[in-house]
Amino acid sequence: MKTRTAHGAFSWTELMTNDPASALGFYGALFGWTSETLPTQQGAFHVIKSAGQPIGRILQMPPQTAAAGRPSAWGCHVTVESVDACAEKAVALGGQVLHPPTDIAGVGRFAVIADPQGAWVSLMSYALPAS
């Protein structure tokens, strides 16, 4: 079993920043990461790679997020067997759901939760490839 697809494993990370180009330069020099820029309807984002393997992405912070004063920040995704069940369990344990379970076409299903202290993390169930 691949580690990143095991229940409870950190599987993906994203940096939302006002200056993706500077972040790419900094982390590329620091960790030796490479990147691939992909266009989307929301603007380009940069897939970051370690040893040629995708490990996350760096993207431009949306204007409304920047206007609200949010600083650049890393977000992490944890693989779970069921996003819906895990989100419900988080609430039962005193946490809250910040973004409800939602499908991402071709990727899987995700939600964003906060623990009782307010720290947040994304839950992710990856779609299985067609056999």
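The values are calculated or read from the model by the stated rules, or taken from the named source; none is laboratory data. What you see is a predicted model; the values in this text were computed from it and never measured. All Cβ positions, glycine included, derive from the backbone under ideal geometry; neighbour counts span all protein chains shown. Remember, those area values only see protein heavy atoms, side chains included, never the ligands or the DNA or RNA. Shrake-Rupley method; radii C 1.70, N 1.55, O 1.52, S 1.80 Å.
Observations
- In summary, strands (runs of 3 or more DSSP E) completely within the stretch 1-89 and bearing 1 or more residues that are open to solvent by 90 Å² or more (accessible area, probe 1.4 Å) and without any contact (Cβ under 8 Å) to a residue 12 or more places away in the chain occur at 53-60.
- Test for Thr5: is it of a type in the set (S, T, N, Q) and under 16 Å from the mean Cα position of the chain (by Cα): yes
- Applying the criterion of being under 30 Å from Asp84 (Cα atoms) and among the β-branched types (Val, Ile, Thr) to the residues of the stretch 8-36, the residue that is farthest from the chain's Cα centre (by Cα) is Thr17.
- Among the residues making up the stretch 90-122, those that are touching a His at 6+ places or on another chain (Cβ under 8 Å) and open to solvent by less than 30 Å² (accessible area, probe 1.4 Å) are Ala111, Val112, Ser122.
Matching residues to (1) modelled with pLDDT under 95; (2) under 18 Å from Ala127 (Cβ atoms):
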{"residue": "Phe26", "(1), (2)": "no, no"}
{"residue": "Thr40", "(1), (2)": "yes, no"}
{"residue": "Pro63", "(1), (2)": "yes, no"}
{"residue": "Ala85", "(1), (2)": "no, yes"}
